[in-house]
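Working notes, beginning with the structure itself.
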Amino acid sequence: MADSYGAPGGGGSSRGLSLATTAALFLAWWGVTAAGWVEPLFLPGPGAVLDRFLEVVEEGFGGATMVEHIWASLSRVGLAFLLAVATAVPVGVLMGMSRVARGILDPPLEFYRPIPPLAYLPLMVIWFGIGELTKIVVIYLAIFAPMALNARAGVRSVPIEQIHAAYSMGASRLQVVWHVILRGAMPEILTGMRIGLGFGWTTLVAAELIAAQAGLGAMIQQASDFLVSDVVIMGIVVIGTIAYLSDLAMRYLERVLTPWKGKV
Amino acid sequence: MTFPGRRPGEDVTALSDVDLTLASGDFVVVVGESGCGKTTLLNLMAGFSRPTSGRLLLNGEEIVGPGADRGVVFQRNALMPWLDVLANVELGLKLQGVSATERRAAAVRNLASVGLQDFHHHPVYQLSGGMQQRVGMARALTSDPEMLLMDEPLGALDALTRETSQELILDLWQASGKTVFFITHSVEEALFMATRLLVMSPRPGRLAASYDVDFSRRFLAERDARAVKSDAEFIALRERVLEHIRSGHVRDATDVGLRGGQDG
Ligand SMILES: Nc1ncnc2c1ncn2[C@@H]1O[C@H](COP(=O)(O)OP(=O)(O)O)[C@@H](O)[C@H]1O
Ligand SMILES: [Mg+2]
């Protein structure tokens, strides 16, 4: 079905443009480096980065292969994300439902939310040591706030008519929460998960600054210590690609689970 | 019924001195200008709010909250967009724990009675406004309430759909024999639908007059809505009620007819 006139973002697929932008960026990158306008130390060309990627896939860098780096990072972000879904969504729903929960939880949440993870990283190290726990807690905290706040907003966005209708059909309070409020809040909950996942990848490098053996952030960190700029760029591209793919997966989930989003 | 204001002295008295008894099987219509307190009255009857003074009884029992004995049809936003048409209509019985086959049968029957037998698995957000309201009516009927409360159910529809929907509601009323409490700001609609027409005057909302009318019964017997609505008696009464609302004056209180029967 065609978008209606004036619908924001209407006018068909944006995929072609996205591909064109990507191609143009690569071309510019290649042109600038191939022409020799910048030193390879500052910006190595796409060819060098690709060579380096293949080398790290086979031989590794900093004591771990590419697969090991990716797996380490993916499992950290994934675990923190799952923990956040299991805790932030209930907390957000509770805040949306209850004046008491909102009153109690709002100050701590709004206080820590804007603080950059790098600022509280040292404290986390003092509290939780330099092991996996600290890394996961730092990523988890970054994901938690946007997820909880979106779940809260989702609960508040459920039309009162739907809630009233359910009560008038004999629903109990618990049934209203389960059958109406959670379903109705789903679009915002999913938006929160998507934003949270993005924050997770944003925080990854900071989390892996602390004594990580493997991980994409750790790899970048080591490479920058030795001025191996092609590994730095390769790591950035890999993180960006994985983050982009996971965002696409979340968007797919949104389309499948809430096809009615924005249509009512 | 008084709503608290933000500051002392800003309280809104939305309803005052409302003394109303509904007879079982009646089609009671409340007409009045926007903001005069119609929804406030319906919300009290539905149990969505409690009166600041006075009492509401249903069959001698005080109304303390919403319940499946009073089905509500809203103006908009009240269907669950994550459920298809059939699941929306079944929802009430599902929440009440009725078996799947039984509730399916009731939902199918009521969808047929509103002419939506071919739309069981359509997403509700793709239906026209008039069809959505019909789903809302089928849903309210499926819980088999004692009375139907309708708050401007046709207020958002175009004129043609509105007229056919009026006829449908009268058919449903006749077939089900239920007591209907119907709100509108259209005097013509009120006269056409009602067996008992209540005129509400604003600030604070009071029942200013009550008319016993029989145009709905005339329509059900003769099935010619245009003839009823262009009848000289209909037009004369319409002008009288309109004049009444415009002048805003409260008539002699004895004009508010009270009849025995089911309390509401
Ligand atoms: N929750 C509320 N708090 C304060 N004032 C309210 C509230 N609900 C309704 N009112 C006021 O009560 C009056 C009647 O409103 P309402 O019953 O919605 O009118 P109607 O349905 O006839 O248009 C209006 O003046 C409205 O502003
Ligand atoms: Mg109203």
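The values are calculated or read from the model by the stated rules, or taken from the named source; none is laboratory data. Here the structure is a predicted model, which means the values were calculated and not measured. Cβ atoms come from the backbone with ideal geometry, glycine included; neighbour counts cover every protein chain shown. When the accessible area is computed, the model is the full protein with side chains, heavy atoms only, and any ligands, DNA or RNA have been set aside. Shrake-Rupley method; radii C 1.70, N 1.55, O 1.52, S 1.80 Å.
Quick look at the numbers
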| item | result |
| --- | --- |
| Some residue of region B:151-162 being open to solvent by 20 Å² or more (accessible area, probe 1.4 Å) and touching a His at 6+ places or on another chain (Cβ under 8 Å) | yes |
| Residues that are away from ligand 1 (no atom under 11 Å from the Cβ) and either among the acidic types (Asp, Glu) or not in a helix (DSSP H, G or I) (or both), drawn from region B:32-53 | B:47, B:50, B:51, B:52, B:53 |
| Of all residues in region B:54-92 being outside any strand (DSSP E or B) and in contact with a Ser or Thr (Cβ under 6 Å, 6 or more places away or on another chain), the one that is most open to solvent (accessible area, probe 1.4 Å) | B:66 |
| Region B:1-28 residues that are assigned to a loop (DSSP other than H, G, I, E, B), paired with ones that are more than 16 Å from ligand 1 (Cβ to nearest atom) and basic (Lys, Arg) (beta carbon under 7 Å, 6 or more apart) | B:21/B:259; B:23/B:259; B:26/B:196 |
| Odd one out for residue B:83, checked against (1) touching an Asp or Glu at 6+ places or on another chain (Cβ under 9 Å); (2) within 14 Å of chain A (Cβ to nearest Cβ); (3) within 16 Å of ligand 1 (Cβ to nearest atom) | (3) |
| Set A:35, A:28: member being among the small types (Gly, Ala, Ser) and loosely packed, with under 10 Cβ neighbours inside 10 Å | A:35 |
| Search result, residues across region B:13-53 that are away from ligand 2 (no atom under 14 Å from the Cβ) and open to solvent by 80 Å² or more (accessible area, probe 1.4 Å) | B:17, B:19, B:24, B:50, B:52, B:53 |
| Breaking point among (1) out of contact with any Leu (no Cβ under 8 Å at 6 or more places or on another chain); (2) within 16 Å of ligand 2 (Cβ to nearest atom); (3) under 23 Å from residue B:237 (Cβ atoms), for residue B:156 | (3) |
| Near pairs, Cβ below 6 angstrom, 6+ apart or cross-chain, from region B:37-48 (on the phi > 0 side of the Ramachandran plot) to any residue that is more than 9 Å from ligand 2 (Cβ to nearest atom) and at pLDDT below 95 | B:37/B:14; B:37/B:15; B:37/B:205; B:47/B:63; B:47/B:65 |
| Conditions (1) out of contact with any strand residue (DSSP E or B) (no Cβ under 9 Å at 6 or more places or on another chain); (2) under 24 Å from residue B:46 (Cβ atoms): number failed by residue B:126 | (2) |
| Residue list for region B:159-170, filter: touching a helix residue (DSSP H, G or I) at 6+ places or on another chain (Cβ under 8 Å) and either within 12 Å of chain A (Cβ to nearest Cβ) or free of Cβ contacts under 8 Å to residues at least 12 places away in the same chain (or both) | none |
| Unique match (being touching a residue at least 12 places away in the same chain (Cβ under 8 Å), within 14 Å of another protein chain (Cβ to nearest Cβ) and in contact with a strand residue (DSSP E or B) (Cβ under 9 Å, 6 or more places away or on another chain)) among B:208, B:140 | B:140 |
